[in-house]
Amino acid sequence: MPESSDIRAWIDAHRRRRQSNKVLHGHPSPMFWLDREVPICDVMANRRTAAETMRKKINLYVGTPYCLPTQPDRCGFCLFPSEVYRNRQQLDTYLNYLRREGELFRPWLGGAELASIYFGGGTSNLYRADQYAPLMGIVRELFDIPSDIEVTLEGIPQTFTREKLEAMQAAGINRISMGVQQLDDELIKASGRRQNAAQVFDTVDACRDLGLPLSIDLIFGWPNQTVDHMLSDLRALVATGITHITNYELNVAGRTDFSRNRRHELPTTEQNLEMYRIGRDYLVAEGFRQTTPYDFERAGPVPSAYLYEELFRQPFRMGDANGHAGANGHGNGAGRRHPGANGHGNGVGRGHPGETLVGYDAWGWGFAGISFFFGAPDSPGWAYMNHVRVDDYFRDLDAGRFPVMRGFHYTPEDLHLHLLFQEMQGLEVDGARFRALTGRDVVADYRAIWGELAELDWVRVEDQQIRILGDGAFYLPLVQNLMARDRLEEMRRERVAGVAGASAFSAA
């Protein structure tokens, strides 16, 4: 256990660095996903074994590779894989390969229960209106889609039209996520997008008319953005009656234009913290409830919740005999029997009468899809990603191979950190529930860290409840890196040793 002075020194040394959220990948970063031979059949067999002791559902992600060309490339900031869209034929070809990947997985996942569906990208609203029925048809060939599950499609303002939205709704899509980033017509030009505020409000109006729930993503920490810019965007969107806003800090990394050429135009970490505080306080004052460091919801005529993300944060929940989550949607079963000490279901079904454990695996179907299959009692499971170049994705499918690029086989410690970090995204951890789930006492294990964070007013620990407070939400990536630093250092050493060993082998 590190000393308090060491913990505070580490925090002070890192708090001025830019934050990089762990929403998508959890622990560890994909830089450590180094297994080039992911045994998909074994992964699927382990899932089948796990399904003997808990109810299993799929949180389904369906990827689209393509984005409109921009100058600078990838909107200047995006770190997600994508390829340039040129014509409809690309999408027709891709849908054919998407169907072929589904057929490879049919023996393992065909007919599996779905919990939610998310169409992401790339840009999933590039399809023409008449392509959404075939897109949903490919999913229906593999799965029965319950009429009451959340089906979200994300896109950008300039490629939404009322005709497309009507076609999406007719095909079974019942929630829209729009990546606005900036409402200001001048600031958005830094991304190279041909986007304007009128397109945003037209989409908001069309979704309202159609009764489609809509969430909007904004970014703070943008080049040349001020607090006034941010507040102007938030006020304009709040005035529309929208019930879900995601306001997140710009991730600056890699070979993006913003990272390489615009750092001098970016707000400092201290200025980003000020934006975070002011944006949060404004939204809370307007009746929004903060559900993650970046997500804010309020009651309204259409649902504001985002089930796909909720299940990503908490992939094991107590539910009733039909697999429906507990009363608050989070399976708050403190003291009930969740998976055993190794984190996997050897105590399943022994909770309160009528309750059973539900495990939500995430399957990333398509280009660059990210999957999480959490395994069986004797195997903590895998995370893996599909190819991030379309030609490689097509090549593997042409050869009858699973189109997997690389993955990571969890150890019990890594799975513990992954589950803890994802739960922390919800700004609270029920320690009793987590102990029943994993066999780990997170209050005791990290007592020195919680103590230092409490001194900073970043967390509050009462009994077995850990709540992220105040600036703690902004600094959550820092907190997670602090908690994992020993394991991450060990993994870095293993990575260096592996690279050195491979070099020596190739030179022999």
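One table, with the values for the structure above:
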{"read-out": "Failed item, numbered, when residue 429 is tested on (1) more than 21 Å from the chain's Cα centre (by Cα); (2) surrounded by 18 or more Cβ atoms within 10 Å (Cβ to Cβ)", "value": "(1)"}
{"read-out": "Residue list for the stretch 195-254, restricted to those being under 19 Å from residue 269 (Cβ atoms), in contact with a Ser or Thr (Cβ under 8 Å, 6 or more places away or on another chain) and among the hydrophobic types (A, V, I, L, M, F, W, C)", "value": "218, 252, 253"}
{"read-out": "The stretch 272-300, residues that are assigned to a loop (DSSP other than H, G, I, E, B) and among the acidic types (Asp, Glu)", "value": "286"}
{"read-out": "All positions within the stretch 191-239 that are surrounded by fewer than 22 Cβ atoms within 10 Å (Cβ to Cβ), touching a residue at least 12 places away in the same chain (Cβ under 8 Å), small (Gly, Ala, Ser) and closer than 27 Å to residue 73 by Cβ", "value": "192, 197"}
{"read-out": "Within the stretch 369-380, considering residues that are assigned to a loop (DSSP other than H, G, I, E, B) and not acidic (Asp, Glu), the one surrounded by the most Cβ atoms within 10 Å (Cβ to Cβ)", "value": "374"}
{"read-out": "Residue within the stretch 218-236 that is part of a helix (DSSP H, G or I), hydroxyl-bearing (Ser, Thr, Tyr) and at pLDDT 95 or above present", "value": "yes"}
{"read-out": "Residue in the stretch 264-271 that is at pLDDT 95 or above, part of a loop (DSSP other than H, G, I, E, B), surrounded by fewer than 16 Cβ atoms within 10 Å (Cβ to Cβ) and more than 25 Å from the chain's Cα centre (by Cα) present", "value": "no"}
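The values are calculated or read from the model by the stated rules, or taken from the named source; none is laboratory data. None of the values given here were measured: they were computed from a predicted structure. Every residue, glycine among them, receives a Cβ derived from its backbone with ideal geometry; neighbour counts consider all protein chains shown.
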